[in-house]
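Notes follow the structure.
The values are calculated or read from the model by the stated rules, or taken from the named source; none is laboratory data. Everything quoted here is computed from the prediction, not taken from an experiment. Here the Cβ positions follow ideal geometry from the backbone for every residue, glycine too, while neighbour counts run over all protein chains shown. Protein only, heavy atoms only, side chains kept; ligands, DNA and RNA dropped before computing areas. Shrake-Rupley method; radii C 1.70, N 1.55, O 1.52, S 1.80 Å.
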Amino acid sequence: MAHKTALELQPGDVVFPPYEIKTDRVTNVTPLPEPRKGERWFRVFTENGVFDVGCDYRWGLPI
């Protein structure tokens, strides 16, 4: 399976969100203002949810 990190995501990307078995389309990615646990975090908006993830979290991409 191909992957992208939060740093690589772009609006329109189709991904498997965390803990989901169906794909969803990214609508926006914004950095969170304060680092958590020493790493940069991002808020990723999809058509069906909002996810806060570390910059190294690997989003699954459909093949």
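So what's the net charge close to Asp56: Lys and Arg +1, Asp and Glu -1, counting the other residues with Cβ under 10 Å from its Cβ?
+1
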With only Lys, Arg, Asp and Glu charged, each at its Cβ (+1 for the first two, -1 for the last two), find how big the charge dipole of the chain is about the Cα centre; round to the nearest 20 debye.
-> 60 debye
Where does each of Asp13, Asp52 land when they are ordered by accessible area, with a 1.4 Å probe and the largest first?
-> Asp52, Asp13
Over all distinct alpha-carbon pairs, what is the Kirkwood Rh of the chain in angstrom?
-> 11.6 Å
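Ignoring ligands, DNA and RNA, please state the percent of accessible area on the chain from carbon and sulfur, probe 1.4 Å.
Roughly 52 percent of what the probe reaches on the chain is carbon or sulfur.
Using the heavy atoms of the protein chains and a 1.4 angstrom probe, tell me the accessible area per residue for the chain in square angstrom. Kindly include the intermediate steps, with their values, before the conclusion.
Numbers: 4250 Å² over 63 residues.
For the chain, the solvent-accessible area averages 67 Å² per residue.
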Low-density loop trypsin sites (Lys or Arg not before Pro), the chain, at most 14 other Cβ within 10 Å, DSSP non-H/G/I/E/B, are Lys22, Lys37, Arg40
